[in-house]
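Notes follow once the structure below has been shown.
The values are calculated or read from the model by the stated rules, or taken from the named source; none is laboratory data. Everything numeric in this text was worked out from a predicted model, so none of it was measured. Cβ coordinates were reconstructed from backbone atoms using ideal geometry, including for glycine residues, and neighbour counts include every protein chain displayed. Keep in mind that these areas ignore ligands, DNA and RNA; they rest on the heavy atoms of the full protein, side chains included. Shrake-Rupley method; radii C 1.70, N 1.55, O 1.52, S 1.80 Å.
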Amino acid sequence: MLHDNYGINEKGHLTVGGADTVALAEKYGTPLYILDEDRVRLKCRQYKAAMEKYLPKGSMPFYASKALSFVGIYKIIAEEGLGSDIVSSGEMYAAKKAGFPMKNTCFHGNNKTDEDIENGLDAGVGYFVVDNREELLALGEAARRRGVVQDILLRITPGIDPHTFAAVNTGRVDSKFGSPIATGAAENIVALALSTAGVRLCGYHCHIGSQIFEADPFLRAAGIMVAFSADIKNKYGFSPAVLNLGGGFGVRYYEGQDEPDITEMIRLIAEKLSSECKASGIEPPAVFMEPGRSIVGAAGVTVYTVGSVKEIPGFRSYVSVDGGMPDNPRYALYSSVYTALIANKASLPCTDEYTVAGRCCESGDLIGERMRMQSAVRGDKLAVLVTGAYNHSMASNYNKLPVPPVVTVSGGVDRLAVRRQSLDDLIKNELTEN
Ligand code: LLP
């Protein structure tokens, strides 16, 4: 069923990681995010093993925690020996609270504030991934004031189009991220970094986009980054110790959609890097990768309770659930296609077609349109699969709806990892006396 961590038990209920999603919904209430911790660990191990096997010494995966960020996940990631990509002082704070080894972090962001820079230096992040000239100068100055030298990677835009949806396409020259090679900005920022005191240039970073299924865009990016490295080495004598290729491996959201094999993708990238480095005479750098979606995506399931079931004859049938765009904005934002089913009727045939609507006051609040599933009635538990990535982390309080809890399951045991927001949580920063 879509991914091998999903199943149906003897009661005919949907399971994830062996846990009964209907029982969890009854225990914790709905909407509910469930995260299969064993699946997260399995994916971490796949990345780690393949990178150790095929790539030069020092290569390692950094979990892109923007995909799903809460204190508990940084503990899991640390236990699995991955680093983490963090993108804000908030993610940094959560990682620190988890006791995450901050030297194993890459600090991202195209517009780090002065406060972010100070926080990153305080925390001792491993690498600042410097996006632009202004950040480079501000970081150099802040580091010099402290008498420290900060390791950095430079975010470079290779100028390729991986043909994913526009909002998550970051490799093209016209991007808010990084310095493009094509315009000469990349070379200029390298020259500036090499002459800026307070920073030590360790290498380059590129991230071409997300939800990418073919190896080809990654291979092209790798080739372009090696050619750039060779050009810089010839002109400035600098050779990168690290090449960070970002994240982006796609995940299957619906039947029939392919999913790249992580190990095979890494083998192909390693082969390409090795031959390109040999051809251009540069020492193969250690490779970092930053998987987010492919670590946590399929580990997640969201369970809702069905409210109304409304047929509009000649048009369609709507099922409304007790969540919606505040806990999963991805259909509203990207028209992302999901698979849904009635968790308490999972063994029955999918005879019906529904547009799954949320409970917010706007028509665009949909989880998906014309989704095939079992016949639904009020009180049923409706599960949406593959919601581990970019759901909880993108949740909002629109319509003053509380963010649902996250429950992790491992070896059949469930644990509350993030509690449901209370109504008091929703107004706790609001100054009632003013
Ligand atoms: N590294 C960098 C620098 C990134 O910007 C990202 C994702 C990743 C790694 C992880 O990429 P992944 O392996 O997850 O594809 N909210 C969108 C996705 C935005 C991706 C942002 N950057 C969505 O829901 O599809």
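Some notes on this structure:
- DSSP bridge orientation in the chain - percent antiparallel, rounded to nearest 5: 50 percent
- Projected label points at Ser335 and Asp122, each 7 Å from Cα along the beta carbon direction, are separated by 4.5 nanometres.
- Computed extension gain for Glu214 through Arg144, at 0.36 nm per residue and net of the alpha carbon distance, reaches 20.9 nm.
- Against the chain, whose longest principal axis comes from its Cα atoms, helix 133-146 is set at around 80 degrees.
- Segment Tyr236-Lys11, extension gain: residue separation times 0.36 nm, minus the distance between their alpha carbons: 74.3 nm
- The ratio of the alpha-carbon radius of gyration of segment 62-137 to the globular-protein estimate 2.2 N^0.38 Å is 1.01.
- Rounded to 5, percent antiparallel among DSSP beta bridges of segment 208-360: 40 percent
- Quarter of Cα convex hull surface for segment 313-434, i.e. mean projection, nm²: 9.9 nm²
- C-alpha long axis of helix 216-236 to longest principal axis of the chain, angle in °: 20 degrees
- Between Thr339 and Leu385, the built amide H atoms are under 5 Å apart, and every one of these is 5 or more places off in sequence or on another chain.
- Spacing of the two label points (7 Å from each Cα toward its C-beta) at Lys53 and Leu348, in nm: 4.4 nm
- Cut-off under 5 Å, modelled amide H: who pairs with Thr105 long-range: Ser84, Gly126, Tyr127
- For the chain, a Kirkwood radius taken over Cα pairs fed into Stokes-Einstein (25 °C, viscosity 0.890 mPa s) yields D = 108 µm²/s.
- A convex hull fitted to the Cα coordinates of segment 165-316 yields 176 cubic angstrom per residue.
- Accessible-area composition of the chain, carbon plus sulfur, in percent [1.4 Å probe]: 50 percent
- Leu194, Leu14, reordered so the largest accessible area comes first (probe 1.4 Å): Leu194, Leu14
- At q = 0.12, 0.16, 0.17 Å⁻¹, base-10 log of I(q)/I(0) for segment 37-296 (Debye sum, equal scatterers on each alpha carbon): -0.66, -1.23, -1.40
- In plain terms, the C-alpha convex hull of segment 21-171 casts an average shadow of 11.8 nm² when viewed from every direction.
- Pairs from Lys97/Lys381; Lys48/Lys278; Lys233/Lys272; Lys97/Lys428; Lys48/Lys97 whose Cα-Cα separation, in the structure shown, is over 27 Å: Lys97/Lys381
- Cα-based helix-to-principal-axis angle, 262-280 vs the chain, degrees rounded to 10: 20 degrees
- Interatomic Cα distance distribution for segment 350-409, bins of 5 angstrom, percent: 4, 13, 22, 25, 21, 13, 2
- Accessible surface, 1.4 Å probe, highest first, among residues Asp4, Asp414, Asp365, Asp231: Asp4, Asp231, Asp414, Asp365
- Total formal charge among the other residues, if their Cβ is under 9 angstrom from that of Ser239, Lys/Arg +1 and Asp/Glu -1: 0
- Looking at segment 86-228, the pairs of alpha carbons with a distance over 20 Å make up 48% of the total.
- Accessible area of the chain divided out per residue, in Å², using a probe of 1.4 angstrom: 41 Å²
- Beta bridge orientation in segment 37-296: antiparallel %, DSSP, nearest 5: 5 percent
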